[in-house]
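Note sheet for the following structure.
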Amino acid sequence: MADRPYSTASIEANVKALFVDLPPHVVLVAAAKSRTPEEVLACVRAGVKVIGENYVQEALAAFSVIGRQAEWHFIGHLQRNKVKKAVEIFDMIETIDSLTIAREVDKRCAALGKVMPVLIEVNSGREPQKFGVMPEEAVVLVRELSRFPYLRVQGLMTMGPEAGDPEAARPYFRLTRALFEEIQSRNFAGVEMKWLSMGMSHSYKVAIEEGANMVRLGTKIFGPRL
Ligand SMILES: *Cc1c(COP(=O)(O)O)cnc(C)c1O
């Protein structure tokens, strides 16, 4: 078993290697779940600009150490009772998948006078245990969200199948890319399709080949979760 926390030096080396490896148009989101604030700070010191958090509580702990030295993306499943806190910290919510949660985010952002960039999470693998809208529901949801004054739809996010052969994820990334372009072609008012967030440590190379310009990496930066 590796020592925890991982050393600052190994995190720094991993980030440096990634910046050599990643095409310049691809934004690296450090998926920080289960990491200590010190580990997250190490990746920010190494040049990571965006932290992805799955849990509001964990985000608050890291935020109290790192603050606005990085941008904060919410990448977990957002619960209604966490929205009020979430909108104070986060610069983007990548996982909007229902009108109900969108309405709550809009309402809480209105109270802060803050416009929130959001991505729609697509359940591209149609996995029953996964969150996200079914692919055929995405266009309708984007159209509905385009009317919320405090939300800005900026793209799509997908997980795809968890592990195994990265090639197995390719069809799901391709489907999500096609959906992205379909929504882009609709030119909904106020919707600016800029970000396609897909690919994790095992699959990001395939995701980038299929058009991802935002990748969410945890293991590759910090080492295996223990
Ligand atoms: C954990 C997580 C990742 C990163 O997973 P790794 O395999 O550690 O790179 C990416 N996206 C989401 C939504 C996650 O929860």
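The values are calculated or read from the model by the stated rules, or taken from the named source; none is laboratory data. Since the structure is predicted, the reported quantities are computational estimates derived from the model, not experimental observations. A quick note on method: Cβ atoms are made from the backbone with ideal geometry, for glycine too, and the neighbour counts reach across all protein chains shown. Ligands, DNA and RNA are excluded from the accessible area calculation, which covers all protein heavy atoms including side chains. Shrake-Rupley method; radii C 1.70, N 1.55, O 1.52, S 1.80 Å.
For region 82-174, which fully contained strands (runs of 3 or more DSSP E) count at least 3 residues that are β-branched (Val, Ile, Thr)? It would help to see each step written out before you state the result.
Working: elements: 92-96, 116-122, 151-158.
Hits in region 82-174: 92-96, 116-122.
Counting the residues of region 11-43 that are crowded, with 16+ Cβ neighbours inside 10 Å and more than 26 Å from THR95 (Cα to Cα) gives 3.
Looking only at residues of region 107-134 that are open to solvent by less than 20 Å² (accessible area, probe 1.4 Å) and more than 16 Å from the ligand (Cβ to nearest atom), we find that the one that is farthest from VAL29 (Cα to Cα) is CYS109.
For region 195-223, give me the residue count where each residue is open to solvent by 80 Å² or more (accessible area, probe 1.4 Å) and either more than 8 Å from the ligand (Cβ to nearest atom) or not charged (D, E, K, R) (or both). Step through it out loud before you land on a result.
Just the residues of region 195-223 that are open to solvent by 80 Å² or more (accessible area, probe 1.4 Å), to begin with: 205, 209, 220.
Filter again for either more than 8 Å from the ligand (Cβ to nearest atom) or not charged (D, E, K, R) (or both), leaving 205, 209.
Adding up the residues that qualify gives 2.
Please find, among ALA178, ALA163, ALA189, the residue that is more than 23 Å from HIS77 (Cα to Cα) and either open to solvent by 70 Å² or more (accessible area, probe 1.4 Å) or aromatic (Phe, Trp, Tyr) (or both). From the options ALA178, ALA163, ALA189, the qualifying one is ALA189.
Residues to consider are GLU167, GLU136; find the one that is within 19 Å of SER201 (Cβ to Cβ) and more than 20 Å from the chain's Cα centre (by Cα).
Numbers: GLU136 fails: within 19 Å of SER201 (Cβ to Cβ).
Every option except GLU167 fails the conditions.
Once region 44-100 is narrowed to residues that are in contact with a helix residue (DSSP H, G or I) (Cβ under 8 Å, 6 or more places away or on another chain) and among the basic types (Lys, Arg), the residue that is least open to solvent (accessible area, probe 1.4 Å) is LYS82.
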